[in-house]
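**Q** First the structure, which I've put down as structure tokens, then a few questions once you've had a look.
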Amino acid sequence: MKRYEVIVIGAGPAGLSAAAEAAKKGMKVAVFDENAGPGGQLFKQIHKFFGSRANNARMRGFKIGRKLLKEAEENGVEVFLNAVVTGIFEEKEVMVRIDDTVHHYKADYIVIATGAAENMVPFKGWDKPGVMGAGASQALMHLQGVRPGRKVLVVGSGNVGLIVAFQICQVGCDLVAVLDAAPRVGGYGVHASKITRTGVPFLTSHTIIEAKGDDHVESAVIAEVDDHFTPIPGTEKEIEVDTVLLAVGLTPMNQLASNAGCRVEYQEQNGRLSPVTIVDEYGETTMSGIYCCGDSAKETAEGASSAMLQGKIAAEHIAADAGYTTEADAEEKAEEYRKTLDQLSGGMFDVKNKGRMDISTTEEGYPISQSLLRHGYITAEELKGFPAASYEADGPHPVIECTQNIPCNPCRDVCPAGLIHVAEDITRIPEIDYSQKCTNCGMCVTNCPGQAIFIVDNDYEPGYATVSLPYEFLPYPEKGDKGKALDRSGTPVCDAEIVSVRTARAMDNTAFLTMKVPAEFADTARFFRKG
């Protein structure tokens, strides 16, 4: 029986972070994961992360995964893949099946970081080929290089649904609509906006009734719902799709915690009971020396950035308990991580605000766009008054259409002119320093995780303006290409011509696309469609 000081179950963001942090302190650490590749959900995530520089903001998920793996390897962590942990027993003995052999390991401390599983919703035809979870579609696209379908309907408008919906467009699928039974978009408005301006509609207060087809999905029947989420008779509509992606939440995978004797309680989440492992402020369960962190320990999944911090907090506590660091040093570091966690979970989308429908203004007092909540885009009239969205100047200048309190500040960090300001509390709305002049470098546009920044030049040439926007669809347009400019709702509004396409390593595969439009459309043109 081989012995480790720390055994981590799960090689996702929480598990790898805990493992690397414990190993840095000098502890002997092993990580077991049932998958063929480490990294958990990170290697499915091609989008840029929100947050601050300290927690990997503007870095793509799969690159964060590589970074964590390198950190773990450099600190001597042993990672076992295709290793299924089948049970945790007395005295922290762990049984693991690797290939066809069962192995026994012993640990002083165990960290359970097994993540969460996708929820499903039953409806007629939900078991047909073509109905799948949003995470499964990400695995097809980003791990296997396979498009999940041709015409796709996404059900669920939380951040997972919005991120996957945009990626569906990026791989060339026809995204028919994003549907949600709630009366408003559930995720970040900036995520919704970058979908809507490509021409994809949001159908809030709608649900799916049936997936039709003989041996695979050929169409979907949807309907409006009332205030009690009951389908309204007579509102049914059939739409042609071959794929239905469900993004309707996650359930913690805490079977191993329960098996080990840790206290697990069922708590209500979005109308269903969800198992939650009870942990203290360090992630330690009711079983001494057994910790649980990341999505497996939360009633509501908070994402990879939060999971990484939770893993580090657990590792600090373990290292102090084992004598590898002092309790004072461990608590100081843990408190730093908790402060960052508070920032990442703050703002309008704080867990404590989940399900609230009465939030009508931002923390600064700006009215929250009802069009954004209902339809996925903010109107020009609603943008007026936001400090960085109504900014005008001679020559190129940024227009920042970030109108909700979300934890993010890369725009501030990458601006070489110091033009953009975000308060120390990174959930605050961005502002612009009017005394500084924009250099038109494009860094704020291409590094904004929400793709919510544009550079507008009202004086490009007589009768014409330019609008520069972030663009992540291949192939990139070329200089001289002509087409249509779309507004925030995805409606074509005018002719447009590409005058510049810029890319750079610092832009990380987001093109800085500049299109020429008639001057009167400078405030409305927000996307380019060739042809």
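Derivation of every value follows stated rules applied to the coordinates shown; laboratory data play no part. All of these numbers come straight from a predicted model, not from anything done at the bench. Note that we place each Cβ from the backbone using ideal geometry, even for glycine, and neighbour counts take in every protein chain shown.
**Q** Percent antiparallel among DSSP beta bridges with both residues in the range 147-242, to the nearest 5?
**A** If we restrict to bridges inside the range 147-242, about 60 percent are antiparallel.
**Q** Cα convex hull of the chain: how many Å³ per residue?
**A** Output value, Cα hull per residue: 153 Å³.
**Q** Another question about this same structure. What list do you get for ASP295, ASP457, ASP433, ASP413 if you sort them by fewest beta carbons within 10 Å?
**A** Least crowded to most crowded, the residues run ASP433, ASP413, ASP457, ASP295.
**Q** List MET59, MET27 from most exposed to least, where exposure is judged by having the fewest other Cβ atoms within 10 Å.
**A** MET59, MET27
**Q** If you take every DSSP beta bridge fully contained in the chain, what fraction is antiparallel? Give it as a percent rounded to 5.
**A** 65
**Q** Got a sec? How would CYS444, CYS494, CYS262 order by Cβ neighbour count within 10 Å, fewest to most?
**A** The order, fewest Cβ neighbours first, is CYS494, CYS262, CYS444.
**Q** Ok, one more. So what's the back-of-envelope 222 nm ellipticity for the chain, counting only DSSP H runs of four-plus at -39500 (n - 2.57) apiece and dividing by all residues, rounded to 500?
**A** Helix contribution divided over all residues of the chain: -6000 deg cm²/dmol.
**Q** State, as an integer percentage, the relative contact order of the range 378-530 based on alpha-carbon contacts under 8 Å between residues 6 or more apart.
**A** Over the range 378-530, the number comes to 21 percent.
**Q** Something else now. What's the extension gain from GLN170 to GLU478 if we count 0.36 nm per residue and subtract their Cα-Cα distance?
**A** 109.1 nm
**Q** With angles folded into 0 to 90 degrees, how steeply does helix 304-321 sit against the dominant principal axis of the chain? Use alpha carbons for both and round to 10.
**A** 30
**Q** Determine the sum of side-chain charges near HIS47: Lys and Arg each +1, Asp and Glu each -1, restricted to other residues whose C-beta is under 14 angstrom from that of HIS47.
**A** +4
**Q** Let me check against my output: what whole-number percent is the relative contact order of the chain, with C-alpha pairs under 8 Å and at least 6 apart?
**A** 13
**Q** While we're looking at this one, here's another question. Figure the gain on full extension for ALA519 and CYS494 (residue separation times 0.36 nm, minus the Cα-Cα span) and round it to one decimal in nm.
**A** Taking ALA519 through CYS494 to full extension adds about 8.0 nm, to one decimal.
**Q** Output the 0 to 90 degree angle, nearest 10, between the alpha-carbon long axis of helix 13-24 and the longest principal axis computed from the alpha carbons of the chain.
**A** Taking Cα atoms only, the helix is inclined about 60 degrees.
**Q** Find which of HIS206, ALA139, ALA181 sits farthest along the positive direction of the dipole of the range 120-246, computed with +1 on the beta-carbon of Lys and Arg, -1 on that of Asp and Glu, about the Cα centre.
**A** With unit charges placed on the Cβ atoms, the residue in question is ALA139.
**Q** Oh, and also: For the range 378-530, what is the convex hull volume of the alpha-carbon atoms per residue, in Å³?
**A** 106
**Q** Now, a different point. Tally Lys and Arg at +1 and Asp and Glu at -1 over the other residues with C-beta under 11 Å from the C-beta of ALA519: what net charge comes out?
**A** Within the 11 Å Cβ shell, the charges total -4.
**Q** What is the local net charge at ILE239, summed over the other residues whose Cβ is closer than 12 Å to its Cβ (Lys, Arg +1; Asp, Glu -1)?
**A** That sum, taken over residues with Cβ under 12 Å, equals -4.
**Q** Additional query: With +1 assigned to the C-beta of every Lys and Arg and -1 to the C-beta of every Asp and Glu, and no other charges, what is the dipole magnitude of the chain about the Cα centre in debye, to the nearest 20?
**A** 1220
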